[in-house]
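Worksheet: the structure to be examined is printed underneath.
Just so it is clear, none of the values below were taken in a lab; they were calculated from the coordinates. Note that this is a predicted model, so its numbers are computed, not measured. For neighbour counting, all protein chains shown are included, and Cβ atoms are generated from backbone atoms with ideal geometry for every residue, glycine included.
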Amino acid sequence: MTPDLLDLAPEVAAALAAGTPVVALESTIITHGMPYPENLETARSVEEEIRAQGAVPATIAVLEGRIKVGLGAEELDALARAEGVVKASSRDLAVALVRGQSAGTTVSCTMRVAALAGIRVFATGGVGGVHRGAEDTFDISADLLELSCTPVAVVCAGVKSILDIPKTLEVLETHRVPVVAYGTDEFPAFFARSSGAKADHRLDSPEEIAATIAWNDTLGMNTGMLIANPVPEADALSPAEIDSIIDGAIAAADAQGITRKALTPFLLDRINTDSEGRSLAANIALVRNNARLAARIATALAKMPSSTLAA
Ligand code: PSU
Ligand code: MN
């Protein structure tokens, strides 16, 4: 790795050097996934959840052409308020560096940077996937492809039904990405605890998940892993309520010709507005819940004898 490729925050550098647990966090959720000021409050409270478990949070973003791994309070604040910031998936990263851009990093880009930094566990809300109608548009998120070739475990709350969930699970299977549901037999649908699709695997403890990550490495799979953690019961939304809002958002995107990388941010914004904040409250609760689980997995991984972990 180029020695000065990454700007590691001091506490992140110290934790990585000491082998103590670190959890990566993405920043497109801050720049394109939630409105200000909820985006900033969420980013802060998610970092606190990770600290409360004894792990170090590393929010990843690009600021003026530098890759940041761990943001200071002022950097986080500025990113949350910034307008016109780029949304960078992993393929956009090199251009962002050349052009000196600031960017929110998507799941794919955050995974790429986490892997470069040596961080193996990453928490977010929802990952991208196969969009409804992908048989015509071919709109399949780069997140799924990054999961197939970058060894970082991503804790999410499943995928939103803005996506075609069965097709998303098929693409993950084709690309040999392990998909594990935590404490449930069902694959969760972000706002709802169940999508109607069965999860491929169920694991019930952070220790078992950490051991699965270690085995996946030892087997030379070189893939990530998707860990689906259902939204807490108390914060879940009723499918009837959220499904009609999502259907309305998709119809609005169709009517306005919104496609490609603008589509997911458009749908998220529309859902936030049309649900009058209820979806945002659920979103915040589930990201915090995912951060807690990710920190417990990173802690279990850090305790494993290094002989069981691939170099
Ligand atoms: N889904 C959400 N919230 C998000 C995103 C997706 O519920 O914030 C963001 C993530 O950063 C994800 C990206 O990696 O959108 C996927 O974008 P696309 O569908 O354009 O690949
Ligand atoms: Mn897309």
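From ASP269, ASP254, which residue is out of contact with any Ser or Thr (no Cβ under 9 Å at 6 or more places or on another chain), touching a residue at least 12 places away in the same chain (Cβ under 8 Å) and among the acidic types (Asp, Glu)?
Working: ASP254 fails: touching a residue at least 12 places away in the same chain (Cβ under 8 Å).
The match here is ASP269.
Those residues that are within 13 Å of THR105 (Cα to Cα) and not β-branched (Val, Ile, Thr), I need them from the stretch 11-62; list them, please.
ALA24, LEU25, GLU26, SER27, HIS32, GLY33, ALA58, ALA61
Which of the residues spanning the stretch 119-150 are under 17 Å from the mean Cα position of the chain (by Cα), surrounded by fewer than 24 Cβ atoms within 10 Å (Cβ to Cβ) and farther than 12 Å from LYS167 by Cβ?
Within the stretch 119-150, ALA142, LEU145, SER148, CYS149, THR150 qualify.
Any idea which residue in the stretch 82-92 is farthest from LEU5 (Cα to Cα), counting only those that are buried (at least 20 other Cβ atoms within 10 Å of the Cβ) and touching a residue at least 24 places away in the same chain (Cβ under 8 Å)? Show your work before the answer.
Applying the first criterion (buried (at least 20 other Cβ atoms within 10 Å of the Cβ)) to the stretch 82-92 yields 85, 88-90, 92.
Remaining after also requiring touching a residue at least 24 places away in the same chain (Cβ under 8 Å): 85, 88-90.
On the way: VAL85: 21, ALA88: 17, SER89: 17, SER90: 15 Å.
Here the residue is VAL85.
Mind listing just one residue for me: the one in the stretch 94-116 that is under 26 Å from GLU41 (Cα atoms) and of a type in the set (A, V, I, L, M, F, W, C) and, of those, farthest from the chain's Cα centre (by Cα)? Steps first, please.
First pass over the stretch 94-116, keeping only residues under 26 Å from GLU41 (Cα atoms): 101-114.
Add one more test, that the residue is of a type in the set (A, V, I, L, M, F, W, C), and what stays is 103, 107, 109, 111, 113-114.
Working: ALA103: 15, VAL107: 5, CYS109: 10, MET111: 9, VAL113: 13, ALA114: 12 Å.
So, considering only residues that are under 26 Å from GLU41 (Cα atoms) and of a type in the set (A, V, I, L, M, F, W, C), the one farthest from the chain's Cα centre (by Cα) is ALA103.
Just give me the residues in the stretch 188-224 being surrounded by 23 or more Cβ atoms within 10 Å (Cβ to Cβ) and under 16 Å from the mean Cα position of the chain (by Cα), in sequence order.
Within the stretch 188-224, PRO188, ALA189, PHE190, PHE191, GLY224 meet the criteria.
State which residue pairs qualify: first residue on the phi > 0 side of the Ramachandran plot and inside the stretch 124-144, second residue of a type in the set (Asp, Glu) and more than 7 Å from ligand 1 (Cβ to nearest atom) in any location, beta carbons under 9 Å apart, and separation of 6 or more residues or different chains.
GLY133/ASP139; GLY133/ASP164; GLY133/ASP254
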